[in-house]
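Only the coordinates and a few stated rules stand behind these numbers; no lab work does. Given the structure is predicted, the values throughout are model-derived calculations rather than measurements. For neighbour counting, all protein chains shown are included, and Cβ atoms are generated from backbone atoms with ideal geometry for every residue, glycine included.
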């Protein structure tokens, strides 16, 4: 059965400069993400029939994962899924980068304005204590901003992640050190709103 794999980045390691540096992308993708995937595969090796499921399916039904590997699947499966999404949620920098079309309308309707949405998302990312993620998710047709600790997944909570920002220190520390607010501000020009919109339209 086929094991889980880390796909190549859909752009060069330096494509997100100056907002995320080449060295961070190399370490983040080739080391951190790769380790999550390797450890997930090691856990599932004990129950190889589980390789027939996608990582999303495993995380959606964590209670049905054998108890002895459940923490590994939660942590490393979450890490593998979140990073697989994260790379696609990013793109080369673009000025005045924002959502458009149906997704923009839904964001403005839900949060009152684009600026309110940005403020709420930034605040969620700033207030993750320790390591984790801030998310724009879809839950029962409703857009919500949430945050999760470590690699806990929105998928386990029956939410569909549309946009996530990784606020583990490994995502930004080489360039920004302890300046998480600056990293969050610099996230906006590199969001791939085309991909986020695709996820929204597919799952609304």
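Taking Cα atoms, how many degrees apart are the long axis of helix 114-126 and the longest axis of the chain, rounded to 10 and kept between 0 and 90? For 114-126 against the chain, the angle is about 50 degrees. When only Cα pairs below 8 angstrom with a gap of at least 6 residues are kept, the range 22-88 shows a relative contact order of 44 percent. Once the range 22-88 is represented by equal point scatterers at the alpha-carbon sites, with solvent omitted, what log10 I(q)/I(0) does the Debye formula produce at q = 0.17, 0.28 Å⁻¹? For the range 22-88 at q = 0.17, 0.28 Å⁻¹, log10 I(q)/I(0) is -0.56, -1.24. Here 131, 100 are placed in order of increasing Cβ neighbour count within 10 Å, fewest first, which gives 100, 131.
For the chain, the longest principal axis of the alpha carbon atoms and the long axis of helix 193-203 meet at an angle near 60°.
Using only Cα coordinates, the Kirkwood hydrodynamic radius of the range 149-204 works out to 13.0 Å. To the nearest Å, what is the center-to-center distance of the range 23-102 and the range 118-151, using C-alpha atoms only? For the range 23-102 versus the range 118-151, the Cα centre distance is 17 Å.
Against the chain, whose longest principal axis comes from its Cα atoms, helix 101-111 is set at around 90 degrees.
Only Cα pairs under 8 Å and 6+ residues apart enter the sum, and on that basis the relative contact order of the range 101-203 stands at 24 percent. Taking only the alpha carbons of the chain, we obtain Rg and Dmax values of 16.7, 49 Å in that order. Alpha-carbon geometry of the range 101-203: the Rg and the Dmax are 13.4, 38 Å, given in that order.
Relative contact order for the chain: 24 percent, from Cα pairs under 8 Å spaced at least 6 residues apart, divided by residue count. Under the simplified labelling scheme, the residue 38-residue 11 pair shows an inter-label distance of 2.7 nm, with each label point 7 Å from Cα along Cα→Cβ.
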